[in-house]
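Read the figures in this text as sums done on the coordinates, not as results from a lab. Nothing here was measured: the structure is a model prediction, and the numbers come from that model. Note: ideal-geometry Cβ built from the backbone for every residue, glycine included; neighbour counts use all protein chains shown.
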Ligand SMILES: O=C(O)CCC(=O)C(=O)O
Ligand SMILES: [Fe+2]
């Protein structure tokens, strides 16, 4: 059952990423057709905390991906989470795939939109962009996670941690990096399944601001700040259909 109360759980975290599988890379379908960055917009759902890019994946690409992702060996959440880990009830596949992370970054409009730093129609300068993304953006975390939530499945309230990694460069070397924002790319529209964020009250005595909800939409990319400045959030129970998500993170130089 999903949580009844919407009160904030103080220190629940998403379980740390499991060790990437040492299996062959999936034969990911070509990332086409995609819309050019000039046809898309990056807007704030909550300024400096949550960004959205509708139609990052076209609907035909999303449909193609869902059909392909079904063929992957997804694993249903193992029973009880470890102490302190959030309850997540869904089917998941995870792989360390730097080539796919690079394609997802470069062949969709993501790289152009994020590095151009045009948000809500305003172009950020270098300093503003680095402040927003937590440093010099390198690309996407090679740790790719695929989620399928069927009816009744959900991801309980938690925070997402920032992780350190060695970010792979084209020449085979790597740069010290850390993750600063979560990327959720929704491939389907479903009943329920909203990703809901609970902003902190401005002071201890103030009433908590209303939650901010994002409903899964075909091809919609959502980015949210994580690590120290992560808001408590959850994936609400899916009530109809299936919710498919590709998850990665923005990486910056450490
Ligand atoms: O599926 C969702 O809506 C939320 C996923 C999430 O919070 C996570 O991957 O950490
Ligand atoms: Fe999360």
Please compute the contact order of segment 96-192 in relative form: average sequence separation of alpha-carbon pairs under 8 Å and at least six residues apart, divided by the residue count, as a percent.
25
Using DSSP, restrict attention to beta bridges with both residues in the chain and report what percent are antiparallel, rounded to the nearest 5.
95
Considering only 219, 172, 139, give the residue with the highest GNM mean-square fluctuation for the chain, with springs between Cα atoms whenever their separation is below 10 Å.
172
May I ask you to derive the relative contact order of the chain, considering only C-alpha pairs under 8 Å and at least 6 residues apart, and to give it as an integer percent?
26
FRET efficiency estimate (nearest 0.05) - Cβ-Cβ, residue 66 to residue 213, R0 25 angstrom
0.65
Segment 128-254, relative contact order in percent, only Cα pairs under 8 angstrom and at least six apart counted:
44
